[in-house]
Structures are given as structure tokens and as C-alpha cells.
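Reviewing the structure listed below.
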Amino acid sequence: MDIVQIKRRGLLALLSILMTALALSGCGSPAAAPTNSGQTQEELFTLNVVTSTGFQEINVADALGFFRDEGIQIKYTGVLPKGVTEFQLLEQGVINAVTGAHPPAVAQARLIGVKVKMVAPGMIDDPQYPHIRYLVKPNSPIQTLEEMVGHKVSVSSITSCTSGYVQYYLQSKGLDPDSVEFIIFPNGDSEALLSLAEGLVDVSAAHPPFAGVAVAEGEARQISTSWDIFHSPGAGLSVRGFSEE
């Protein structure tokens, strides 16, 4: 099974779960003009989600009208503020669907009492289309992840995939995992990569599609990927879900 089939199955599974939630929850009262699905705006079942600054199937499905065709309206609440997680917003009732979580983060959230349940897979890691690319400027002397010691690394957030993978790798090599300074650019990978181009950091840990575009256009040079660290699809596994309520 190739990555396209896996992602398609993940999307279909998520849509199936969402339709079940729609059937159980009911809809609002009719008003306004009907949509392409034959429902009015108020009749659509609304799911509040954070605004993604990267690539995920939620954005694609929404843009292509798949959710609306099934009676679902996606409402974006804005990008995650610095230091805030989707799980916090879920607990506060700001969002009711988690769309960008990785399994380690879900486990940590559940351990501290967050009642969240994941119901469908999202993306996975792939050697040709890696989850995380570690990039430097084309003329940088840095060639390996080990050489990141003592340098600044730009990330879009402090998570298991951006900072955690680097710390794990360095520790596995007997190096100090805290020797790397992570600089957070909460407006997304494009901002993190801009900081690399401007020389504010030495390395950038970036997601698709921004990382791949930067390499293809010669704006950055790749020194490693998340696949190189773990050699497993699980290094990119993200999951989607809701509160247990």
C-alpha cells in the first residue's frame, strides 16, 4: 500500500467518524440559503479546529468541499499561541476536534488527565517525502545532526517531532540533548525558514510543504530527515480525534 492509499484511507475513516458524530448530535434550525449539500448554513454540523500552518488532509478536504458535502462545516479558530497545545484548547472548549497531534503528545495529555480519544490516522513518515527535514543554508559548514551541538535551530513549535527528535538523536549518540537552542517561530514553518535565510539561526527543522520547496528551489540544503533518525513510518504518524465527551 503506498502513502497515497494510506492517507486516503485515513481521510475516509475520519469522515466516517465525523458523520457518526453528526448523526448522533443532530443539526441546528434551518435558515439562510441552501449549500451544495442541500443544507442551509445553520444546518451544517460545525467542528472548531485550530488553523494549521503546515500541510494536512483537513485543509485539502475542506478546500475541495468534502466536509460540506457531508454536512460538516470546518471553523478555524486561529494558529496555536506560543506555549499552547490543542489539548488545552480542547479542555477549554475552544475547539472540539484535535487535528495535528502525534502519539507521544496524546499519551502525555492523557497522563495528566485530558479526556481525549484519537479515532483516525493522519500523515506518516516516508523516506522520499519525510515528515521533518533538517535544513541549513547552502553554504553552511554544518553537514550532520551531530554538528548541530551549540547551534540555534528554528522550529514552528516545541513538539516531539521538531525538537524532540533532535534531542533523542543527540542523546543516542552520547551528546548533550540540551546543547541545542531551539528558537520558536509560532507563525509557522515559512517564518522559521525565513529566519534561516536571514542568518538568525543555523538550522531549521521544518515540515512539508515548506521544507521540500526550500530544498527544491536551492534556498536550503538538507542534512538529515526524521526518516534518517527512526527509519519508520511512525516518525511522522499524526492522529485525529475528539474529547471523550
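The values are calculated or read from the model by the stated rules, or taken from the named source; none is laboratory data. Just so it is clear, the model here is predicted, and its values are computed rather than measured. Glycine gets a Cβ as well: all are built from the backbone with ideal geometry, and neighbour counts include every protein chain shown. In case anyone asks, the SASA skips ligands and DNA or RNA and just uses the protein heavy atoms, side chains included. Shrake-Rupley method; radii C 1.70, N 1.55, O 1.52, S 1.80 Å.
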Members of the stretch 98-133 that are outside any helix (DSSP H, G or I), under 20 Å from Val166 (Cβ atoms) and over 16 Å from the mean Cα position of the chain (by Cα): Pro127
1 or more residues free of Cβ contacts under 8 Å to residues at least 40 places away in the same chain and open to solvent by less than 70 Å² (accessible area, probe 1.4 Å): qualifying strands (runs of 3 or more DSSP E) within the stretch 160-230: 181-184
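For (1) in contact with a His (Cβ under 9 Å, 6 or more places away or on another chain); (2) of a type in the set (S, T, N, Q), each residue gets a yes or a no:
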{"residue": "Ser156", "(1), (2)": "yes, yes"}
{"residue": "Ser160", "(1), (2)": "yes, yes"}
{"residue": "Ser163", "(1), (2)": "no, yes"}
{"residue": "Gln167", "(1), (2)": "no, yes"}
{"residue": "Gln171", "(1), (2)": "no, yes"}
{"residue": "Leu175", "(1), (2)": "no, no"}
{"residue": "Phe182", "(1), (2)": "no, no"}
{"residue": "Asn187", "(1), (2)": "no, yes"}
{"residue": "Glu191", "(1), (2)": "no, no"}
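Here is a yes/no grid of residues against (1) modelled with pLDDT under 95; (2) within 18 Å of the chain's Cα centre (by Cα); (3) within 18 Å of Pro104 (Cβ to Cβ):
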position: Val136; (1), (2), (3): no, no, no
position: Gln143; (1), (2), (3): no, no, no
position: Glu146; (1), (2), (3): no, no, no
position: Ile158; (1), (2), (3): yes, yes, yes
position: Phe185; (1), (2), (3): yes, yes, no
Filter result for the condition that a residue is modelled with pLDDT under 50, open to solvent by 80 Å² or more (accessible area, probe 1.4 Å) and over 23 Å from Ala211 (Cβ atoms), over Ala23, Ala31: Ala23
Matching residues in the stretch 134-156 - criterion: being surrounded by fewer than 22 Cβ atoms within 10 Å (Cβ to Cβ) and assigned to a loop (DSSP other than H, G, I, E, B): Lys137, Pro138, Asn139, Ser140, Pro141, Ile142, Gln143, Thr144, Val149, Gly150, His151
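Does Val79 fit the bill of being part of a loop (DSSP other than H, G, I, E, B) and within 25 Å of Tyr165 (Cβ to Cβ)?
Working: part of a loop (DSSP other than H, G, I, E, B): yes; within 25 Å of Tyr165 (Cβ to Cβ): yes.
It is true that Val79 is part of a loop (DSSP other than H, G, I, E, B) and within 25 Å of Tyr165 (Cβ to Cβ).
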Of residues in the stretch 63-84 being open to solvent by 60 Å² or more (accessible area, probe 1.4 Å) and modelled with pLDDT under 90, the one nearest to the chain's Cα centre (by Cα): Val79
